[in-house]
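Visitor: My questions will all concern the structure given below.
The values are calculated or read from the model by the stated rules, or taken from the named source; none is laboratory data. As the structure is a computational prediction, the values presented were derived from the model and not from experiment. Cβ atoms come from the backbone with ideal geometry, glycine included; neighbour counts cover every protein chain shown. With ligands, DNA and RNA removed, areas are computed over all heavy atoms of the protein, side chains included. Shrake-Rupley method; radii C 1.70, N 1.55, O 1.52, S 1.80 Å.
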Amino acid sequence: MVSEAARPVVTTRPDDTGLGARIDGSAIGDSIYRWMTTAFALGIPILLLFIAIEIGAAAWPALKAFGFGFLTSSDWDPPHNIFGAAPAIYGTIVSSFIALLIATPLALGVAIFLSEFAPSWLRQPVAFLVDLLAAIPSVVYGLWGIFVLQPLLRDHVMPLLSAIPLLGQTPLFEGPAYGPSMLSAGLILAIMVLPFISAVSREVLMAVPRSQREAALALGATKWEMISDAVVPYARSGIIGGIILGLGRALGETMAVTMLIGNVHKISASLLAPGYTMASLIANEFAEATGDLHLSALMAVGAVLFVVTLIVNGLARWLVWRVSREGQS
Amino acid sequence: MSLQIVGTGNRERGTEAPRSVGSQFPVPDSRHPGNIQAKDFSFWYGPKQALYDVSITIPARAVTAFIGPSGCGKSTFLRSINRLQGLIPGARQTGAIELDGENIYSASLNPVSLRQRVGMVFQRWNPFPKSIYDNVAYGPRINGTASRSKIDEIVEQSLRRAALWDEVKDRLRQSALGLSGGQQQRLCIARALANEPEVLLLDEPASALDPIATQKIEELLYELRSELTIVIVTHNMQQAARVSDYTAFFYLGRLVEVNNTGQLFTTPREERTEAYITGRFG
Ligand SMILES: Nc1ncnc2c1ncn2[C@@H]1O[C@H](COP(=O)(O)OP(=O)(O)OP(=O)(O)O)[C@@H](O)[C@H]1O
Ligand SMILES: [Mg+2]
């Protein structure tokens, strides 16, 4: 009787003789499954740690030679073994920032249009086309940038920007327009990250419960008020997640940016001037780096890119956490 | 089961001010705004007809309950009164619903301003993920009340009317999502009241609440009926008997019978009504 009481499942089905065996079998399966998933889950951080150690070790000579100056100096002179990565760090951050500045409102607009306004026959095709932007290889973006975007910017957009009263006079739009520039790199990045931000935003906007929409409408909200007061705030943390995803892409993007940014080791306030990014620097010089210190300096740039990406992601994640908590606290 | 519950109806409570339910059939109360009259109202979801020629008078300053088996069109009709159901793609309607003599489906009437006059509370409470204060202030804000002190006043008054003020007055700036289910539902009522509506629609407002929270909502509706028109959909016939002055029985998209609640539950005129209230189907 005691054992029966302890195994009520078995007693309710006395004729199901296979049940006990099944429980034991699934218990073994469970534990195998648990160990495997634990191993995979631990594998990722361990891998990350190894990469970090590997890069750190390779970067060490350069970091030791230049110290903190590696981050702040603008001299990059391989023949004389002088290396400072400030322009590349600056370029990576600024070009990604420009990209987000342009892509975020556009992507949100696309997402809101698709989730709230587009008739259903239009929704799928447009969403598909926008998603397709993500599938175009980066080198194709680079070519398009060189042959279409840059001439357009140089001949029409940049003169226009410089001609804007006040804004055109600021250092941001100073100097001659050649074409290869921070602006064109930022723009191409904007186009490249737009599908990521808009796809994620569209999903989270469509996932906003109907009850939230109806709550706003039933209080006399117009459709716009419903979207801006109920739908977007509800989806806020998801949208920020999409922006982080786009930012991650922008920080690491190499080929298209290398083709458009001009690859010049110089920090210029002007967006019309050429610049450099960390990813481009590594891609451009790694094959030709002969000196040990040069190689180590490139590894150090990689390490910095790694750290910048981690910091930016951490910041963004903290932001999402803050924002999503705001609703509850 | 249905017959003795009528005795516990609201007419027994001593505090009630004298009311003029003169006729046993609902007639408009012309002294107050918020009278609703549907005239041959039919509703379709695409090809599927959900309501057939519903004609009913819902008087101001009274509680009218809609009862009927699931899928008979109660929610459809309720949500037609603030034109929320018309937003569903493919939906269309014929006939009229008049609010104080004006057809709410006439082209000249703006559904946004209609919804400021006709508030709604849903089955599943749906506060915004904002503070308690901001939830209640939302309606007045979008409808053009700018002054802070005026909004403060409306928020307090609405929360008091929803019998929630004492429970939340020290935590107005905290998230509405931290309240209990019953409190959240009363918050939704307060939020609707903040617009000073003439009509309050409630779609099974207590069906997901425990008995105590349900009782609070019922008491609240009892208090509010002297201030505005209340229309409530409920599956719970005891609830209909407790809170309502009039009850309308829907079946298969048609309004079968509407009457003074006491009459409808004791001496229904239609056989289908009797079958339903005695629990023989539905
Ligand atoms: N959005 C919709 N699209 C298509 N048909 C719908 C829609 N909403 C409701 N219906 C149909 O209309 C009919 C009436 O539905 P309604 O929701 O009004 O019933 P109800 O009386 O409120 O039911 P319940 O008591 O279950 O809430 C049902 O047959 C339902 O299937
Ligand atoms: Mg319903």
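Visitor: Search the range B:251-268 for residues being farther than 21 Å from B:Ala60 by Cβ and touching a strand residue (DSSP E or B) at 6+ places or on another chain (Cβ under 6 Å), and hand back the single one that is nearest to ligand 1 (Cβ to nearest atom). It would help to see each step written out before you state the result.
Guide: First pass over the range B:251-268, keeping only residues farther than 21 Å from B:Ala60 by Cβ: B:251-254, B:256-257, B:265-268.
This time we only want the ones that are touching a strand residue (DSSP E or B) at 6+ places or on another chain (Cβ under 6 Å), so: B:253-254, B:256-257.
Numbers: B:Gly253: 7, B:Arg254: 12, B:Val256: 13, B:Glu257: 15 Å.
So, considering only residues that are farther than 21 Å from B:Ala60 by Cβ and touching a strand residue (DSSP E or B) at 6+ places or on another chain (Cβ under 6 Å), the one nearest to ligand 1 (Cβ to nearest atom) is B:Gly253.
Visitor: Those residues that are within 19 Å of B:Asp100 (Cβ to Cβ) and within 16 Å of ligand 1 (Cβ to nearest atom), I need them from the range B:216-238; list them, please.
Guide: The answer is B:Val231, and nothing else.
Visitor: For the range B:36-52, give me the residue count where each residue is more than 15 Å from ligand 2 (Cβ to nearest atom), touching a residue at least 12 places away in the same chain (Cβ under 8 Å), away from every other protein chain (no Cβ under 14 Å) and over 18 Å from B:Thr261 (Cβ atoms). Walk me through how you get there before you give the answer.
Guide: Taking the range B:36-52 and keeping what is more than 15 Å from ligand 2 (Cβ to nearest atom), we get B:36-42, B:44, B:46-49, B:52.
Checking which are touching a residue at least 12 places away in the same chain (Cβ under 8 Å) leaves us with B:36-42, B:44, B:46, B:49, B:52.
Narrowing further to those that are away from every other protein chain (no Cβ under 14 Å): B:36-42, B:44, B:49, B:52.
Next, from what is left, pick out any that are over 18 Å from B:Thr261 (Cβ atoms): B:37-42, B:44, B:49, B:52.
Qualifying residue count, the range B:36-52: 9.
Visitor: With the requirement that a residue be of a type outside the set (A, V, I, L, M) and touching a residue at least 12 places away in the same chain (Cβ under 8 Å), what does the range A:38-80 give you? Steps first, please.
Guide: Looking only at the range A:38-80, we keep the residues that are of a type outside the set (A, V, I, L, M), and these are A:38, A:40, A:43, A:45, A:50, A:54, A:56, A:60-61, A:64, A:66-70, A:72-80.
Passing the criteria: A:Gly56, A:Trp60, A:Pro61, A:Phe66, A:Gly69, A:Phe70, A:Thr72, A:Ser73, A:Ser74, A:Asp75, A:Trp76, A:Pro78.
Visitor: Given the criteria out of contact with any helix residue (DSSP H, G or I) (no Cβ under 6 Å at 6 or more places or on another chain), within 22 Å of A:Ala215 (Cα to Cα) and either within 14 Å of chain A (Cβ to nearest Cβ) or among the charged types (D, E, K, R) (or both), does B:Ile189 qualify?
Guide: Details: out of contact with any helix residue (DSSP H, G or I) (no Cβ under 6 Å at 6 or more places or on another chain): yes; within 22 Å of A:Ala215 (Cα to Cα): yes; either within 14 Å of chain A (Cβ to nearest Cβ) or among the charged types (D, E, K, R) (or both): yes.
So B:Ile189 fits the description; yes.
Visitor: Now, a different point. Taking the stated definitions as given, is B:Leu187 open to solvent by less than 10 Å² (accessible area, probe 1.4 Å) and either modelled with pLDDT under 95 or within 17 Å of the chain's Cα centre (by Cα) (or both)?
Guide: Yes, satisfied.
Visitor: Hey, another quick one. Pick out the one residue from B:Ala275, B:Ala213, B:Ala208, B:Ala241 that is within 14 Å of chain A (Cβ to nearest Cβ) and either more than 16 Å from ligand 1 (Cβ to nearest atom) or touching a Lys or Arg at 6+ places or on another chain (Cβ under 8 Å) (or both). Please lay out each step first, then the result.
Guide: Values: B:Ala275 fails: within 14 Å of chain A (Cβ to nearest Cβ); B:Ala213 fails: within 14 Å of chain A (Cβ to nearest Cβ); B:Ala241 fails: within 14 Å of chain A (Cβ to nearest Cβ).
It is B:Ala208.
Visitor: Residue by residue through the range B:145-167, note down the ones that are closer than 17 Å to B:Tyr222 by Cα and in contact (Cβ under 8 Å) with a residue 12 or more places away in the chain. Don't jump to the end; show me each part of the working.
Guide: To start, the set of residues in the range B:145-167 that are closer than 17 Å to B:Tyr222 by Cα comprises B:158-164.
Across the range B:145-167, the qualifying residues are B:Ser158, B:Leu159, B:Arg161, B:Ala162, B:Ala163, B:Leu164.
Visitor: Exactly one of these conditions fails for A:Ala215: (1) open to solvent by less than 20 Å² (accessible area, probe 1.4 Å); (2) in a helix (DSSP H, G or I); (3) away from chain B (no Cβ under 14 Å). Give me its number.
Guide: Only one criterion is unmet by A:Ala215, namely (3).
Visitor: Hey, another quick one. What residue, of A:Ile243, A:Ile191, is open to solvent by 20 Å² or more (accessible area, probe 1.4 Å), at pLDDT 95 or above and not in a strand (DSSP E or B)?
Guide: Numbers: A:Ile243 fails: at pLDDT 95 or above.
None of the other options fit; the residue is A:Ile191.
Visitor: Since B:Phe66 meets every condition but one in (1) within 14 Å of another protein chain (Cβ to nearest Cβ); (2) in contact (Cβ under 8 Å) with a residue 60 or more places away in the chain, which condition does it not meet?
Guide: In the conditions (1) within 14 Å of another protein chain (Cβ to nearest Cβ); (2) in contact (Cβ under 8 Å) with a residue 60 or more places away in the chain, B:Phe66 misses (1) alone.
Visitor: Here is a list: A:Ile93, A:Ile98. Which entry is of a type in the set (A, V, I, L, M) and open to solvent by 30 Å² or more (accessible area, probe 1.4 Å)? Step through it out loud before you land on a result.
Guide: Details: A:Ile98 fails: open to solvent by 30 Å² or more (accessible area, probe 1.4 Å).
When all the criteria are applied, what remains is A:Ile93.
Visitor: Of everything in the range B:53-82, what is within 15 Å of ligand 2 (Cβ to nearest atom) and in a loop (DSSP other than H, G, I, E, B)? Give them in sequence order.
Guide: Within the range B:53-82, B:Gly68, B:Pro69, B:Ser70, B:Gly71, B:Cys72, B:Gly73, B:Ile81, B:Asn82 qualify.
Conditions (1) assigned to a helix (DSSP H, G or I); (2) closer than 29 Å to A:Gln212 by Cβ; (3) modelled with pLDDT under 95, marked per residue:
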{"position": "B:Leu200", "(1), (2), (3)": "no, yes, no"}
{"position": "B:Ala208", "(1), (2), (3)": "no, yes, yes"}
{"position": "B:Ile212", "(1), (2), (3)": "yes, yes, yes"}
{"position": "B:Glu223", "(1), (2), (3)": "yes, yes, yes"}
{"position": "B:Ile232", "(1), (2), (3)": "no, yes, no"}
{"position": "B:Thr247", "(1), (2), (3)": "no, no, no"}
{"position": "B:Leu264", "(1), (2), (3)": "yes, no, yes"}
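Visitor: Among the numbered conditions (1) open to solvent by 20 Å² or more (accessible area, probe 1.4 Å); (2) in a helix (DSSP H, G or I), tell me where A:Ser268 comes up short.
Guide: (2)
Visitor: Still on this model: Looking only at the range B:91-112, count every residue that is of a type in the set (Gly, Ala, Ser) and either within 16 Å of ligand 2 (Cβ to nearest atom) or open to solvent by 50 Å² or more (accessible area, probe 1.4 Å) (or both) and tell me the total. I'd like the intermediate steps shown before the answer.
Guide: We begin by selecting, within the range B:91-112, every residue of a type in the set (Gly, Ala, Ser); these are B:91, B:95-96, B:101, B:106-108.
Within this subset, residues satisfying the condition of being either within 16 Å of ligand 2 (Cβ to nearest atom) or open to solvent by 50 Å² or more (accessible area, probe 1.4 Å) (or both) are B:91, B:101, B:107-108.
Count: 4.
Visitor: In the set B:Asn143, B:Asn135, which member is open to solvent by less than 20 Å² (accessible area, probe 1.4 Å), polar (S, T, N, Q), under 16 Å from A:Ala216 (Cβ atoms) and more than 16 Å from ligand 2 (Cβ to nearest atom)? Step through it out loud before you land on a result.
Guide: Numbers: B:Asn143 fails: open to solvent by less than 20 Å² (accessible area, probe 1.4 Å).
Testing whether each residue is open to solvent by less than 20 Å² (accessible area, probe 1.4 Å), polar (S, T, N, Q), under 16 Å from A:Ala216 (Cβ atoms) and more than 16 Å from ligand 2 (Cβ to nearest atom) leaves just B:Asn135.
Visitor: Determine which single condition B:Phe249 fails, assuming it passes every other condition in (1) within 16 Å of ligand 2 (Cβ to nearest atom); (2) over 13 Å from B:Ile56 (Cα atoms).
Guide: That leaves (2) as the condition not met.
So that you can scan it fast, the table gives a plain yes or no per residue for (1) open to solvent by 100 Å² or more (accessible area, probe 1.4 Å); (2) at negative phi; (3) modelled with pLDDT of 85 or more:
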site	(1), (2), (3)
A:Thr17	yes, yes, no
A:Ile23	no, yes, no
A:Gly56	no, yes, yes
A:Ala59	no, yes, yes
A:Ala62	no, yes, yes
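Visitor: When you check B:Gly86 against the structure, is it more than 22 Å from B:Ala176 (Cβ to Cβ), free of Cβ contacts under 8 Å to residues at least 40 places away in the same chain, assigned to a helix (DSSP H, G or I) and more than 10 Å from every other protein chain (Cβ to nearest Cβ), yes or no?
Guide: Working: more than 22 Å from B:Ala176 (Cβ to Cβ): yes; free of Cβ contacts under 8 Å to residues at least 40 places away in the same chain: yes; assigned to a helix (DSSP H, G or I): yes; more than 10 Å from every other protein chain (Cβ to nearest Cβ): yes.
Yes; evaluated as a whole, the condition is true for this residue.
Visitor: Condition check: in contact (Cβ under 8 Å) with a residue 40 or more places away in the chain, more than 7 Å from every other protein chain (Cβ to nearest Cβ) and of a type outside the set (A, V, I, L, M). Does B:Arg117 satisfy that?
Guide: In short, yes.
Visitor: Output the number of residues of the range B:128-150 satisfying the condition of being touching a strand residue (DSSP E or B) at 6+ places or on another chain (Cβ under 9 Å) and either at the interface with another protein chain (Cβ under 9 Å from one of its Cβ atoms) or of a type in the set (S, T, N, Q) (or both).
Guide: Residues flagged as touching a strand residue (DSSP E or B) at 6+ places or on another chain (Cβ under 9 Å) and either at the interface with another protein chain (Cβ under 9 Å from one of its Cβ atoms) or of a type in the set (S, T, N, Q) (or both) within the range B:128-150 amount to 4.
Visitor: Only residues that are surrounded by fewer than 22 Cβ atoms within 10 Å (Cβ to Cβ) and without any contact (Cβ under 8 Å) to a residue 12 or more places away in the chain: list them for the range A:218-232, please.
Guide: Hits for the range A:218-232 are A:Thr222, A:Trp224, A:Glu225, A:Ser228.
Visitor: Among the residues of the range B:202-241, which ones are within 16 Å of ligand 2 (Cβ to nearest atom) and within 12 Å of the chain's Cα centre (by Cα)?
Guide: B:Leu202, B:Asp203, B:Glu204, B:Pro205, B:Ala206, B:Val231, B:Ile232, B:Val233, B:Thr234, B:Ala240
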